[in-house]
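What follows is a single structure, written as structure tokens, with notes after it.
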């Protein structure tokens, strides 16, 4: 019974002795060990840093989508095109415009939408030539110009911090009033209260009736550098936008119940298809943009980037593993006589194999730990310098350490087996 109890303790003691021996070897052969571990360190650091960047980016994008409307469903004439590239496909060129009447039909016939926003954006030559300034000459920095209705605010998660938003009377009378974002207010009026002041759009005077709360940037656009006016006023000032056959109107909707966003989308698609006379076998002749779909697209992009980085890290880890195996084979050759002495004193093949395997695993665990610290340090540096929310989740640290341990087991196996198979007589004769 006593010998049975002592055996696990003895095995643990031998195991820790092997670990201490491995650490002592690393300290003694600093340069050789460092060069051997470079691949492990680089691979694990790449994994940790990559996961930190991707996780930080995904978190930032998710927060932005939540801030700008996680349940937003937007209908527009053309499919979203990232980078603005290339001519439109032929099938999209033939699409009919979405209209204010379409938006009104969604509002009237839909039962699940809390808000239906009609939105028209100033683009092209009219936007390039437009000046936005105060009567005293203070100019805005090319703000986004939007013509819309009162539903814009709830549909786009936009809130007023001072004054009011657009009301139905503004739309009915094509009033010369506007609501502006905080960045535009800062450029035009500095620290003065903008409510009730005038702003000139290409020489036409508007009265500022509302100031939006700060939202920040989103998908390359600045939501704080914006001027919002009644869509009827917009159409009076730029009739060519309405009648020019371009991307004429966007219809933004949000559900009363966030859990029923898909039901709302299906209902609205059915209404638009019926209005446009589409048959059951014909595709939609309008685009559907959803926050969830856009978020999924971004996650697919970051997933592809992550995959490429994982491949690079895997190559570095493979090189590191080969280096560990090589150094362990050298160690076996250098310690051939030691192996012979241990076998002569009663050490079994299992004892010898365990010794070299523990050394290999210890070596790669040290490399893994250094790689984790390097990756976390790089993520922290990027967070500090660029205010980017890079953050390594716990699972990535555990994964990095597990991978480095596995490399030690896999690439240390052959040197361990080779050491265990040494003939004790030949080993003792080795010089």
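Odds and ends about this structure:
- Conditions (1) surrounded by 16 or more Cβ atoms within 10 Å (Cβ to Cβ); (2) part of a strand (DSSP E or B); (3) over 32 Å from the mean Cα position of the chain (by Cα): number failed by residue 119: (3)
- Residues that are in contact with a helix residue (DSSP H, G or I) (Cβ under 8 Å, 6 or more places away or on another chain) and part of a helix (DSSP H, G or I) within region 388-402 comprise 396, 397, 399, 400, 401, listed in sequence order.
- Failed criterion for residue 187 (all others in (1) assigned to a strand (DSSP E or B); (2) over 18 Å from residue 239 (Cβ atoms) hold): (1)
Let's see how each residue does on (1) more than 23 Å from residue 232 (Cβ to Cβ); (2) without any contact (Cβ under 8 Å) to a residue 60 or more places away in the chain:
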{"position": "159", "(1), (2)": "yes, yes"}
{"position": "166", "(1), (2)": "no, no"}
{"position": "171", "(1), (2)": "no, no"}
{"position": "199", "(1), (2)": "no, no"}
{"position": "206", "(1), (2)": "no, yes"}
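- Scanning region 188-200 for residues that are within 37 Å of the chain's Cα centre (by Cα) and surrounded by 19 or more Cβ atoms within 10 Å (Cβ to Cβ) gives 188, 189, 194.
- Scan region 70-97 for residues that are at pLDDT 80 or above and either closer than 12 Å to residue 253 by Cβ or surrounded by 14 or more Cβ atoms within 10 Å (Cβ to Cβ) (or both) and the total you get is 9.
- Residue 380 surrounded by 21 or more Cβ atoms within 10 Å (Cβ to Cβ), under 41 Å from the mean Cα position of the chain (by Cα) and at pLDDT 80 or above: no
- Exclusive hit being surrounded by 15 or more Cβ atoms within 10 Å (Cβ to Cβ), over 30 Å from residue 410 (Cβ atoms) and at pLDDT 70 or above, set 48, 100: 100
- Looking across 233, 207, one residue alone is in a helix (DSSP H, G or I), more than 27 Å from the chain's Cα centre (by Cα) and modelled with pLDDT of 95 or more. It is 233.
- Filter result for residue 241 (at pLDDT below 95, surrounded by 14 or more Cβ atoms within 10 Å (Cβ to Cβ) and touching a strand residue (DSSP E or B) at 6+ places or on another chain (Cβ under 9 Å)): yes
- The number of residues in region 329-374 that are surrounded by fewer than 21 Cβ atoms within 10 Å (Cβ to Cβ) and more than 15 Å from residue 417 (Cα to Cα) comes to 14.
A quick yes/no check of all residues on (1) modelled with pLDDT of 90 or more; (2) part of a strand (DSSP E or B); (3) under 30 Å from residue 254 (Cβ atoms):
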residue: 127; (1), (2), (3): no, no, yes
residue: 142; (1), (2), (3): no, no, yes
residue: 146; (1), (2), (3): yes, yes, yes
residue: 153; (1), (2), (3): yes, no, yes
residue: 157; (1), (2), (3): no, no, yes
residue: 170; (1), (2), (3): yes, no, yes
residue: 183; (1), (2), (3): yes, no, yes
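The values are calculated or read from the model by the stated rules, or taken from the named source; none is laboratory data. Keep in mind the model is a prediction, meaning the values are calculated, not measured. Please note: Cβ atoms are built from the backbone with ideal geometry, for glycine as well, and neighbour counts cover all protein chains shown.
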